[in-house]
Amino acid sequence: LSKANLPEADMLEVDLSFANLEYAILCGVYLDSSNLTDANLNNADLSGACMEDTILRGADLSFANLSGVDLTNANLSNANLTDANLSGACMEDANLRGADLSCANLTGTDLRGADLRGADLDDAELHRAKLENATMPDGSIHE
């Protein structure tokens, strides 16, 4: 599925674990409750996608465009989000434990209640990010 062009596709509850979706165009795709464990989404365009309750554990989302994506309650533990664009994304109550968010754009991202324990936020842009009740990398709860 590398370089696939599937904008606004309805793929609810699909199993794409270990799939190669590098450079795929998945703008506005519906992937709620899907399994993308260890999937390669490097440089993919998922802007505006609906991915609520999706499992992205260990997925490679480096350099991906995830602007405006809904990742509410998603599992992104140990995911690679290096240099990803997550501006305006909803990641409320998401599991980001051990995720690499270095150099990621999190401008205006909703991270309320997210679990960021052990996450790498080095050089991440957090301007206007909502962090209320988020568990920070050091285990503290953001007020």
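Which pairs turn up if I take residues in the stretch 114-140 that are in contact (Cβ under 8 Å) with a residue 60 or more places away in the chain and look for partners that are among the basic types (Lys, Arg) and open to solvent by less than 60 Å² (accessible area, probe 1.4 Å) with beta carbon separation below 8 Å, at least 6 apart in sequence or on another chain?
As it stands, the answer is none, since no pair meets every condition given.
Going through the stretch 91-110 one residue at a time, which ones are out of contact with any Lys or Arg (no Cβ under 6 Å at 6 or more places or on another chain), assigned to a loop (DSSP other than H, G, I, E, B), open to solvent by less than 70 Å² (accessible area, probe 1.4 Å) and farther than 19 Å from Phe63 by Cα?
Ala94
Can you find a residue that is aromatic (Phe, Trp, Tyr) and either over 21 Å from His127 (Cα atoms) or not in a loop (DSSP other than H, G, I, E, B) (or both) anywhere in the stretch 42-64? Even if it seems obvious, please write down each step before you answer.
Within the stretch 42-64, the first condition is being aromatic (Phe, Trp, Tyr), and the residues that meet it are 63.
Subset that is either over 21 Å from His127 (Cα atoms) or not in a loop (DSSP other than H, G, I, E, B) (or both): none.
The answer is no; no qualifying residue exists.
Looking at Asp32, Asp53, Asp70, Asp60, which one is charged (D, E, K, R) and more than 16 Å from Asp93 (Cβ to Cβ)?
Values: Asp32 fails: more than 16 Å from Asp93 (Cβ to Cβ); Asp53 fails: more than 16 Å from Asp93 (Cβ to Cβ); Asp70 fails: more than 16 Å from Asp93 (Cβ to Cβ).
Matching residue, one of Asp32, Asp53, Asp70, Asp60: Asp60.
Could you please find all residues in the stretch 54-90 being open to solvent by 10 Å² or more (accessible area, probe 1.4 Å) and more than 16 Å from Ala44 (Cα to Cα)?
Once the filter is applied, which keeps residues that are open to solvent by 10 Å² or more (accessible area, probe 1.4 Å) and more than 16 Å from Ala44 (Cα to Cα), the stretch 54-90 yields Ile55, Arg57, Thr72, Asn73, Asn75, Ser77, Asn78, Gly88, Cys90.
The values are calculated or read from the model by the stated rules, or taken from the named source; none is laboratory data. Computed from a predicted model, the values in this text were never measured in an experiment. Neighbour counts run over all protein chains shown; Cβ positions are idealised from the backbone, glycine included. Just the protein is used for accessible areas: all its heavy atoms, side chains included, with ligands, DNA and RNA removed. Shrake-Rupley method; radii C 1.70, N 1.55, O 1.52, S 1.80 Å.
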